[in-house]
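Working notes, structure below.
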Amino acid sequence: QSTWGTVFCLVVMSSDQFAIRLKRRQIVGSFQVAKATAELLRNIVSHGRWVNGKNLMEMIKDVGKRLVEAQALELAVGNIVRRVLYIIREEYAALTKKHGEDQTAPAPIGQSPSLQNLLDPSANAGIVSPDMNLSKPQNLKHPVIEGINELIDELYNLNSVIAEQAIEHIHANEVVLTYGKSHTVEEFLKAAGKKRKFEVIVAETAPSLKGHEMAKALSDAGVPTTVITDSAIFAMMARVNKVIIGTHAVMANGGLVTHSGAHTIALAAEAHSVPVMVITGLYKLSPLYPFDQDTFNELLSPSSVLSYEEADSMDHLQVQVPAYDYVPPNLVSLFVTNFGGHSPSYVYRLLAEYYSPEDYQL
């Protein structure tokens, strides 16, 4: 008993340490954050003190709230927490169906999703949630852990799964424009380069200049690559067949929270009738709604664009360096995910298949 209690205390400490690391930005990047969150929640399910499904979900939600508060802009944290909650509901429903414990209370996950049900709270008023008090821990623990393991495997394999779709979307002699450095986009373009001959134009992505890193990686893989300044994007867009970018998060309306500067590219693409493809894993799909450019954004240090010495010699000057851009769904043509290609209008359906509406607000 004392050994088990010690293990549980270590799990609690690890969740607190993870929250601190998030707050200090010692863990950055959607993939690393999502993987670490899933592994932490797996430890909580495995070693946590819970007596039934309801108790376990309350524990997961409590940890999830603390992690989201630590770094609200890492939307992958909340997404993984919601996904684990969905797994618990799904495994509980399977157990109750198998053992006939809960015949009168159908689980919400069994309901056929519709746009009305997702957007109108009154449409779900008649749904009775299953009694999560019934299932015993030993019956629920192993299926939930197995479900989380499958989620972690999905995270590790999503780049290769998405890359397999590359030749369906990139054709011979096309010119593709991309922006910044996304590992998923990089693998996608490299996979296409093995079977197609095409050219990539990479915007340098000032002030971070991540575009230079992307261009070098593609060039080393044998993909013909050209680097351009960000100011030349509109002028070069007339030559481009399609724009392919990554994203930080996909919002509930099909819009993007992505790297600063991407909105400019999307507007230039719209002006030239060039399709914009977004390459992303579904773990970045968030049920939250953005309202403007500032809803899910933060300002970075201005030192990356203006040195302190130069700023001291200028009066009445404000320098703002936003971390992200919001790209509305009407500027996005297609999402290429680890579960195939989808239009922005299909996002509401993906939300219903990936999360439970009861967990949208943690």
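The values are calculated or read from the model by the stated rules, or taken from the named source; none is laboratory data. The structure displayed is predicted, hence computed values, not measured ones. As a convention, Cβ positions derive from the backbone with ideal geometry for all residues, glycine included, and neighbour counts pool all protein chains shown. Heavy atoms of the whole protein, side chains included, go into the accessibility calculation; ligands, DNA and RNA do not. Shrake-Rupley method; radii C 1.70, N 1.55, O 1.52, S 1.80 Å.
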Mind listing just one residue for me: the one in segment 205-228 that is touching a residue at least 24 places away in the same chain (Cβ under 8 Å) and among the charged types (D, E, K, R) and, of those, nearest to Asp325 (Cα to Cα)? Lys210
Tell me yes or no: at least one residue of segment 132-149 is among the charged types (D, E, K, R), at pLDDT 95 or above and either assigned to a helix (DSSP H, G or I) or under 30 Å from Gly281 (Cα atoms) (or both). yes
Look at segment 259-288 and say how many of its residues are open to solvent by less than 10 Å² (accessible area, probe 1.4 Å) and modelled with pLDDT under 95. 0
Mind counting the residues in segment 323-340 that are surrounded by 15 or more Cβ atoms within 10 Å (Cβ to Cβ) and either modelled with pLDDT under 90 or assigned to a strand (DSSP E or B) (or both)? 8
Residue tally, condition open to solvent by 30 Å² or more (accessible area, probe 1.4 Å) and within 19 Å of the chain's Cα centre (by Cα), over segment 140-155: 4
Identify, please: which residue in segment 223-246 is open to solvent by less than 60 Å² (accessible area, probe 1.4 Å) and small (Gly, Ala, Ser) and is, among those, nearest to the chain's Cα centre (by Cα)? Gly246
I need the full set of residues from segment 341-360 which are part of a strand (DSSP E or B) and open to solvent by less than 40 Å² (accessible area, probe 1.4 Å), in order please. His342
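When segment 41-56 is examined, which residues are found to be surrounded by fewer than 21 Cβ atoms within 10 Å (Cβ to Cβ) and not basic (Lys, Arg)? I'd like the intermediate steps shown before the answer.
Narrowing segment 41-56 to residues surrounded by fewer than 21 Cβ atoms within 10 Å (Cβ to Cβ): 42-43, 46-52, 54-55.
Passing the criteria: Asn43, Ser46, His47, Gly48, Trp50, Val51, Asn52, Asn55.
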With respect to the numbered conditions (1) aliphatic (A, V, I, L, M); (2) open to solvent by 30 Å² or more (accessible area, probe 1.4 Å); (3) at pLDDT 90 or above, which one is the sole condition not fulfilled by Leu300? (3)
In segment 306-314, is there at least one residue being among the aromatic types (Phe, Trp, Tyr), in contact with a strand residue (DSSP E or B) (Cβ under 6 Å, 6 or more places away or on another chain) and under 28 Å from Pro207 (Cβ atoms)? no
Pairing a residue in segment 176-188 that is open to solvent by 10 Å² or more (accessible area, probe 1.4 Å) with any residue that is in a loop (DSSP other than H, G, I, E, B) and at pLDDT 95 or above, where Cβ atoms lie under 6 Å and the two sit 6 or more apart in sequence or on different chains, gives Ser182/Gly246; Thr184/Gly246
Going through segment 297-321 in order, the residues found to be of a type in the set (A, V, I, L, M), part of a loop (DSSP other than H, G, I, E, B) and more than 36 Å from the chain's Cα centre (by Cα) are Met314
